[in-house]
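Since the structure comes first, as structure tokens, the remarks are kept for the end.
The values are calculated or read from the model by the stated rules, or taken from the named source; none is laboratory data. Because the structure is a prediction, the values reported are computed rather than measured. Note: ideal-geometry Cβ built from the backbone for every residue, glycine included; neighbour counts use all protein chains shown. Note: accessible area is taken over every heavy atom of the protein model, side chains too, but ligands, DNA and RNA are not part of it. Shrake-Rupley method; radii C 1.70, N 1.55, O 1.52, S 1.80 Å.
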Amino acid sequence: MMRIAKSCKALLLAVVASQLVACSLLSGNKAPKPQVLAPSASRVALSPAWTAQIGKLGDVQLRPQVNGNALTVATATGAVTSLDAETGAVLWQAKLGESLVAGVGGDGRVFAVVTAQNDVVALRDGQVIWRRALPGRSFTPPLVAGGRVFVLAADRALYAFDAEGGAPIWDRPGAEGEALALRQALLLTAVGDTLVTGFSGRVMGVNPDTGSLRWETPVAVPRGINDIERLVDVLAPFSRQGGGLCVQAFQTAIGCVDAVSGATLWTQRHNGAQGVGGDVDAIYGVDVSGRLQAWDRVDGKQKWLSDRLRHRQLSAPLSLGRAVAVGDSTGLLHLLDREDGSELTRWQVGKSALRAPLLVGQTLVVIAEDGSVQGLRLGEGALP
């Protein structure tokens, strides 16, 4: 990881932003110009199904929640909206009237977000049912599963609350010696009866009833001469197939673990700052320069690498059917062939940067930082 100017280090003593562009500007470095694109290949048909406006997301890395055919999204200003991904119709909406820094998590019935005032807030049918104060900040969407709401704090502490009434169930202390935290969502999910989380280059399995550690396995080793260079937290989104979980450790490595046994299956060096996508055959990730790469899911060997989107500030990728979809900072959605990385087509959503695309049912959903949401239909043969 490159050295960061002292002026930037002063800004990052408490929290490191997920994007380091501001630091580059403060230190006098200009961002590289985005790769010039060739004419679109148009090998796959895309057509608009619906559009919606939820309000600006700002620079907060809020992540949507998918439950069946419902997509629930939140904005930095406190609006939480659930949409029907087939039609774009609003299913319910809550306006909390306060800034949000993490969300949305949900099981289809109860949804949870974290406010800038360090409160975890639970909602049902658009109404607040409880809130609890957290001791510190959290930038990872809460996980709602098994009648509980799990929260991963910025200091890597874990908390479990009753989903119905918000009563605290247990808490697990954070990691010692962790001076910095990413202002970005980290790994937090459930595999079978195990709560799985990741930070400091490690993936961990936790007993959801007690908070006790079941297993721990590395995907990256913190190295460097300062706290910033040793920051290797494990990012969301991730790719799961059965008990196999594949992840990106911040700007260090990509790897897969067996979330049942707790064994590391493979790791490869990869300078990525976004989470990964994947399918039964491969894992897909983008590095900080905008190169999109595919690895064999079984052994981690490189399948292909594409540099056609360099310096376009890409989102995390999504695997869907024959395509790998990724958004960029100019509002373009790119679809590449999952077999070789060649272009299938591209779609202009708007002028605002795109978050990671999502497949909800048979609809490809893209969300822009200006709050525009668009549902797209793919042509015949694009999806399995």
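Quote to one decimal, in nm, the extra length available between Gln348 and Ile169 on full extension: 0.36 nm per residue of separation minus the C-alpha distance between them. If you can, show how the numbers build up before the last one.
Values: separation 179, 0.36 × 179 = 64.44 nm, distance 4.63 nm.
Extending this stretch completely gives an extra 59.8 nm.
Lysine pair count for the chain with Cα-Cα distance under 20 Å and sequence separation of 8 or more or different chains is 5. Taking a ≥ b ≥ c as the square roots of the eigenvalues of the Cα gyration tensor, region 82-130 is prolate, since a/c reaches 1.5 or more and a/b is larger than b/c. For a paramagnetic label modelled on Val280 (point 7 Å from Cα along Cα→Cβ), amide N atoms under 18 Å away belong, within region 214-252, to 239-246. Restricting region 342-384 to trypsin sites (Lys or Arg not before Pro) that sit in a DSSP loop and have at most 14 other Cβ atoms within 10 Å of their own Cβ leaves Lys351.
Remark on Ala282: its backbone amide H falls under 5 Å from those of Arg297, a criterion applied only to residues 5 or more positions apart or on other chains, H modelled at 1.01 Å from N. For region 201-216, the Karplus equation 6.51 cos²θ - 1.76 cosθ + 1.60, evaluated at θ = phi - 60°, returns couplings of x, 10, 10, 10, x, 10, 5, x, 7, 10, x, 6, 7, 9, 7, 8 Hz by residue, with Gly and Pro reported as x. Note on Leu37 and Asp193: the model spin-label points, each 7 Å out from Cα along the C-beta direction, lie 4.9 nm apart. Remark: region 75-219 carries 37 Å² of accessible area per residue (probe radius 1.4 Å; ligands, DNA and RNA excluded).
The Kirkwood radius of the chain, taken over pairs of alpha-carbon atoms, gives through the Stokes-Einstein law at 4 °C and 1.567 mPa s a diffusion coefficient of 62 µm² s⁻¹. Each part gets one Cα centre, and for region 34-89 versus region 233-253 those centres are 22 Å apart.
Per-atom-type breakdown for the chain gives carbon and sulfur 50% of the accessible area (1.4 Å probe, protein chains only).
Under 5 Å from the amide H of Arg312 lie the amide H atoms of Gln35, each residue being 5 or more positions distant or on a separate chain, with H modelled from the backbone and absent for Pro and chain starts. For region 271-383, the gyration tensor built on C-alpha atoms gives an oblate shape. Its axis ratio a/c (a ≥ b ≥ c) is at least 1.5, and a/b is not larger than b/c. Listed values for region 126-141 are Karplus-derived 3J(HN,Hα) couplings in whole Hz (6.51 cos²θ - 1.76 cosθ + 1.60, θ = phi - 60°), namely x, 10, 6, 9, 5, 8, 9, 7, 9, x, x, 7, 9, 10, 9, x, and x replaces Gly and Pro.
If you keep only loop residues by DSSP, which trypsin sites (Lys or Arg not before Pro) in region 203-271 have at most 15 other Cβ atoms within 10 Å of their Cβ? Mind dumping the intermediate values first?
Values: sites: Arg214, Arg223, Arg230, Arg240, Arg269; in loops: Arg223, Arg230.
Loop-located and lightly packed - Arg223.
Listed values for region 227-240 are Karplus-derived 3J(HN,Hα) couplings in whole Hz (6.51 cos²θ - 1.76 cosθ + 1.60, θ = phi - 60°), namely 5, 5, 5, 8, 7, 10, 4, 8, 8, 9, x, 10, 10, 10, and x replaces Gly and Pro.
Distances between placed amide hydrogens fall under 5 Å for Trp215 paired with Gly205, all partners being 5 or more residues away or on another chain.
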